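The values are calculated or read from the model by the stated rules, or taken from the named source; none is laboratory data. Predicted, not measured: the structure shown is a model, and the values here were computed from it. Cβ placement follows ideal geometry from the backbone for every residue including glycine, while neighbour counts extend to all protein chains displayed. Heads up: the accessible areas ignore ligands, DNA and RNA and are worked out on the full protein's heavy atoms, side chains in. Shrake-Rupley method; radii C 1.70, N 1.55, O 1.52, S 1.80 Å.
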Amino acid sequence: VIQQNLWQVVQIGSRFGDVWTFRMVLLIFTAVLIGVSEYYREMMPQLMRGIWNGLAWMGALLIGLSMVTSHAAGSLLLPWVAIGVNWLHALAVAFWVGGIMALVLILPVALSPYEGDERRQALVVVMSRFSRITALMVAIVILTGIYNALNWFITPSDLATTYGTSLGVKLIMVGLLLFIGGLHHLALRPQLAVRLERLLPMSIPMRQKWIAGFYMFIQRAAQFSRSLQLEFVFVLMTLGAVALLSATPIPDPELLQITVETP
């Protein structure tokens with residue numbers, strides 16, 4: 001499109017162009033709403049609140065439109081189901097990683113009036129609520145991610161493709177996010193950490209060192225500010241891995257590689 005200057009051909013003569021145009025219109029409308037809310041922020045704060053609540057639904061719609069031209073639209077089995085599952089996957093990711101980014105950017109300002117134990121208590125309240133939401137979102141991400149992967153990885157050889165490698169990079173980054181998120185979850189719920197400690201087999205060599213290191217990670221995560229910043233870095237790297245995966249061609253199904261004799 002760029003090299004051959006085919007902008008109008010793609011925009012007018014393809015489904016991608018139709019969806020792209022609609023998304024651009026919604027993005028412009030979203031920008032106008034943000035400008036209105038900023039202008040009336042002090043005069044009409046309730047209007048600003050209502051606009052930002054509406055922008056969340058607008059964001060969900062924009063994510064759904066991007067699914068129409070994603071890999072899911074080319075699924076060989078029930079493409080509309082694949083699009084819906086991929087949409088749910090993207091929404092759960094948006095709540096999860098978007099929430100982390102929001103906490104890192106907003107909490108330092110929101111908690112600035114508090115100090116010492118009051119700041120700690122306020123932070124625990126926020127993190128506890130976010131942790132409950134995140135647990136549900138992570139479950140949705142894992143289940144929908146498995147479904148999405150099964151659409152393309154039919155044989156073991158599919159894992160050796162470029163798409164399989166890109167998915168592997170994404171899974172590594174998601175694993176790091178899950179590790180830090182799990183530490184936050186345990187820091188907020190010490191009773192769960194005790195249960196996990198009991199699950200360690202007694203025969204494991206150096207068991208005491210394992211337990212000491214386990215609680216050391218939890219204690220560092222309980223500070224939240226530093227661990228949230230680290231999680232924020234992993235979020236940015238994960239989004240890069242997601243972009244790489246979206247730009248990688250899917251494995252060619254064996255069905256398309258079989259030569260069928262013409263009757």
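The figures follow:
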read-out: Kirkwood Rh, angstrom, the range 19-76 [1 / mean 1/r, Cα pairs]; value: 12.7
read-out: Semi-axis lengths, Å, the chain, gyration tensor of Cα atoms, sqrt of 5 times eigenvalues; value: 38, 31, 14
read-out: Ordering of 4-14, 96-106 by packing [mean C-beta count within 10 Å, highest first]; value: 96-106, 4-14
read-out: Alpha-carbon Rg with Dmax, taken over the range 46-189, Å; value: 18.5, 57
read-out: Rounded Å value of the spacing that divides the Cα centres of the range 58-98 and the range 116-182; value: 16
read-out: Solvent accessible area, Å² - Phe22, 1.4 Å probe, full protein context; value: 100
read-out: Charge dipole (debye, nearest 20) of the chain; +1 at Cβ of Lys and Arg, -1 at Cβ of Asp and Glu; value: 940
read-out: Positive-end extreme of charge dipole, the chain - chosen from Phe95, Ile142, Gln223 (charges on Cβ); value: Gln223
